[in-house]
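Working notes for the structure below.
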Amino acid sequence: MSARATGPARGRKLVTGVIGADTHIVGSRILSMALEEAGFEIVALGAITPAEDFVKAAIETAADGIMVSSLYGQGELDCRGFRDLFIEAGLEDMLIYVGGNLVVGKQDWEDVERRFLAMGFDRAFPPNTRADAVIGMLNADFAARRAGRRIAE
């Protein structure tokens, strides 16, 4: 059974967007389309989105999760303090994913992922991650939350 067919997160609302000064919208748009096809309701913020706008959109739309994209290599700078903004807004339990070309230069993905998880992201995805993998992880994480865990093991 594919990630699209499972659907424990069907009907969930997700905010998507490209953080910081990044103008690379294609990957975020492809992911948004796949998420919509899988049954998620998408609030797409587009490119060049300040971190604060993700929080505002989450509040205004009663979002269930945030999907942050960055391709220009400055994601590590743009995402610093991201989780803190949600905590300050009373959304400490928000499910937050990040993905793309998040750092400058060729770096070991495990190190990059570890840094983003330490920043408070629930999941971090490397460049070229397939939408089905993200959808499968979202479904697993929302199911884990229903069972009282923050994310799936």
Query raised in the report: Based on DSSP H runs of at least 4 residues, each adding -39500 (n - 2.57), what is the mean residue ellipticity at 222 nm of the chain after dividing by all its residues, to the nearest 500 deg cm²/dmol?
Result: -12000 deg cm²/dmol
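Gain in length, Ile151 to Ala118, computed as 0.36 nm per residue apart minus the alpha-carbon separation, to one decimal in nm? Don't skip to the answer; put the middle values down first.
Values: separation 33, 0.36 × 33 = 11.88 nm, distance 1.48 nm.
Result: 10.4 nm gained on full extension.
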Report summary line: The Rg/Rh figure for the chain, Cα atoms and Kirkwood Rh, to two decimals is 0.93
Query raised in the report: Based on Cα positions only, what radius of gyration and what Dmax would you give for region 14-103, in angstroms?
Result: 12.0, 33
Query raised in the report: Listed highest first by mean packing, meaning other Cβ atoms within 10 Å per residue, what order do 74-82, 112-120 come in?
Result: 74-82, 112-120
Report task. Would you please state the base-10 log of I(q)/I(0) at q = 0.18 1/Å for region 68-139, with intensities from the Debye formula using one equal scatterer on every alpha carbon? Result -> -0.69
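Coordinate-derived values only; no laboratory data. Everything numeric in this text was worked out from a predicted model, so none of it was measured. Every residue, glycine as well, gets a Cβ built from its backbone with ideal geometry; the counts of neighbours run over all protein chains shown.
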